[in-house]
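Participant: One structure, pasted below without further comment.
The values are calculated or read from the model by the stated rules, or taken from the named source; none is laboratory data. Keep in mind it's a predicted model, so treat the numbers as computed, not measured. Note that each Cβ is placed from the backbone with ideal geometry, even for glycine, and that neighbours are counted across all protein chains shown.
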Amino acid sequence: MADALLEVEGLTKAFGAVVACDAVALALREGEVHAVIGPNGAGKTTLLGQLAGEIQPDAGRIRFAGEDVTGLPAHARAGRGLARSFQITSLFPRFSALDNVALAVQAQAGHSFRFWRPAARETALIAPAREALARVGLAERAAVPAAALAHGEQRQLEIAMALASRPRLLLLDEPTAGMGREDSGRMIALLAALKAEGRMTILLIEHDMDAVFALADRITVLVYGQVIATGAPEEIRANAEVRRAYLGKETAA
Amino acid sequence: MARPVVTRLFIWGALVLLLALPPLVQGLGADFAVGVATRILIFALVGTSLNLILGYGGMVSFGHAAFFGAGAYVVAILAQHDTYGEPLLTWPIAVEGTQSAFIAWPAAMAVSAILALVIGVVALRTSGLYFIMITLAFAQMLYFFFISLRAYGGEDGLSLFARSAAGPLDLADDVHFYYLVLGLVLLALWLKRRLVAARFGRVLRGIRDNERRMQALGFPTFRYKLAAFAMAGAAAGLAGALIANQTEFVSPSFLDWQRSGEILVIVILGGMGRVYGPVAGAAAFLLLEEVLSAWTDHWMLVLGPILVLVVLFAKGGIWSLIDRGGQADG
């Protein structure tokens, strides 16, 4: 695909005898929300870890914005505009919400071998951080330490940090994980608003089918490390194999 | 961030006391106290350097005495070559010995910084327990290296004939030396306060709290840790240069693992990740040693329980008891 922002070919990763990722192929178009779904243990998080650069694949190739990034470490991929959020909230618990986001801004604001000016007074860091907090609805909670935020707020903060680095591609690992109905509704609304702005491409790993069908332009279904289908939501819904492997089970449960 | 008034009064009070200490104790006829205070300040400096990587960077180095001892040896070895008029090196470049503080002390810092860079490149690829063990292993290697240096006294160590020459200051005078050490410690504390609040300090604290997340955000964490490690090495080297001057003697025991342990205790006792913590820790540790060792050889028996109590009931160390409303990273 010529206009693919992210292209994955033959991506394979095994942990011992378990093949978590089996020759996965994936192509993300610029600007789309692409969901990856699959039952537990299908290899979704392993796939995301390889895209982010935390896990080295055994075989295969990852191209991001026309460049082969397969061998690049996580920080170098982040520098090229690939941001991720974590399934299990991963914040800086002692930092305030604002400082968490300011750190994300700082990561993309040149090197940090700066020893003199207090970072807390650097408008170049604080202003974009406040803006990102406001976008996810946490402006009022800026001064609260991340550890003291409610679970739903911490998930919002995750998104704010990912936004603050102004990514071209946002990898979201189950943004509604562990949320109640109300919180996850708010998260879906937030992600829908980001999508409507159309400024970035999103790869969404999600269990919550409401979220997937509300947000995704296209869906890839992963089962036992293999892609069994890719298509628009209605195609996926109608796909017999998918129903058997995944959606059906979910309905039966 | 504004500190509580009580804390600020305490800091200014302590500063005034430190500035007025020499005339004060001389008036009381307790001249030896100047030496004790100097020693405390030197250990406060080496504790401050460890605190940068331990308290702010989360790197539990169990080999910090290596940089301290290496700095001390640099001063002593340069002084010995100067005394005997033998060049230290003739090839590839000629290096003469020196007694000058302006050359020997920066050289001590440079040597310790380079050692820290080399050790850090290897050690910082590990973390947790492995990091503790590998820093310990490197420090022991240096310890045995200095034992093997027959020309510099081997196991017996090396005496200095005089303290370094520092221009208008007469370092042989304990009071001059005290004020110089005090000035350097205050400078180090001030630089560190700036550093930990600046971007670099934020990166260090971020790495301490969640290194994986830092990488995902785009920080190449290794080079920041290495830079902090080398800076801490340089500061420890300066403290080593000072201790060599104070005791006018160096020996491999300056680098052994017990010394590394003492420096760790000073930081933990005083308060990790608190700028003034190591000063409080050094004062408490050395004063306890002074008082208890006069009373019994087994003074560690008393220190041990005190350390347990501090770790159990004052997690932020002594400084957190003084600075109650303070910031964890202040």
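Participant: Please work out which residue is nearest to the other protein chains (Cβ to nearest Cβ), limiting yourself to segment A:43-75 and to residues that are surrounded by fewer than 16 Cβ atoms within 10 Å (Cβ to Cβ) and under 14 Å from A:Gly10 (Cα atoms).
Facilitator: Restricting to residues being surrounded by fewer than 16 Cβ atoms within 10 Å (Cβ to Cβ) and under 14 Å from A:Gly10 (Cα atoms), the top hit is A:Gln56.
Participant: For A:Ala143, only one of the following conditions fails: (1) among the hydrophobic types (A, V, I, L, M, F, W, C); (2) under 17 Å from the mean Cα position of the chain (by Cα); (3) more than 10 Å from chain B (Cβ to nearest Cβ). What is its number?
Facilitator: Of (1) among the hydrophobic types (A, V, I, L, M, F, W, C); (2) under 17 Å from the mean Cα position of the chain (by Cα); (3) more than 10 Å from chain B (Cβ to nearest Cβ), only one is false for A:Ala143: (2).
Participant: Taking the residues in segment A:99-131 that are buried (at least 17 other Cβ atoms within 10 Å of the Cβ), facing chain B (nearest Cβ under 7 Å) and part of a loop (DSSP other than H, G, I, E, B) as candidates, determine which candidate is farthest from the chain's Cα centre (by Cα).
Facilitator: Looking at the filtered set, the residue picked out is A:Phe115.
Participant: Any chance you could count how many residues in segment A:136-179 are among the small types (Gly, Ala, Ser) and without any contact (Cβ under 8 Å) to a residue 12 or more places away in the chain?
Facilitator: 3
Participant: Residue pairs, Cβ under 7 Å, 6 or more apart or interchain, first in segment A:76-93 and closer than 19 Å to A:Phe64 by Cβ, second hydroxyl-bearing (Ser, Thr, Tyr) and assigned to a loop (DSSP other than H, G, I, E, B). List them.
Facilitator: Qualifying pairs under 7 Å: A:Ala78/A:Ser165; A:Ala83/A:Ser165.
Participant: Based on what the data block shows, is A:Pro39 of a type outside the set (Ser, Thr, Tyr), surrounded by fewer than 17 Cβ atoms within 10 Å (Cβ to Cβ) and within 19 Å of the chain's Cα centre (by Cα)?
Facilitator: Yes.
Participant: Among the residues in segment A:148-160, are any within 30 Å of B:Leu191 (Cα to Cα), among the aliphatic types (A, V, I, L, M) and not assigned by TED's automatic domain parsing to the domain that holds A:Val33?
Facilitator: no
Participant: Which condition from (1) surrounded by 24 or more Cβ atoms within 10 Å (Cβ to Cβ); (2) more than 22 Å from B:Ile114 (Cα to Cα); (3) more than 11 Å from every other protein chain (Cβ to nearest Cβ); (4) not small (Gly, Ala, Ser) is the one that B:Leu180 breaks?
Facilitator: Only one criterion is unmet by B:Leu180, namely (1).
Participant: Take residues that are among the small types (Gly, Ala, Ser) and tell me which of the helices (runs of 4 or more DSSP H) falling wholly in segment A:132-227 contain 3 or more.
Facilitator: Once the helices (runs of 4 or more DSSP H) in segment A:132-227 are filtered for at least 3 residues that are among the small types (Gly, Ala, Ser), what remains is A:151-164, A:181-197.
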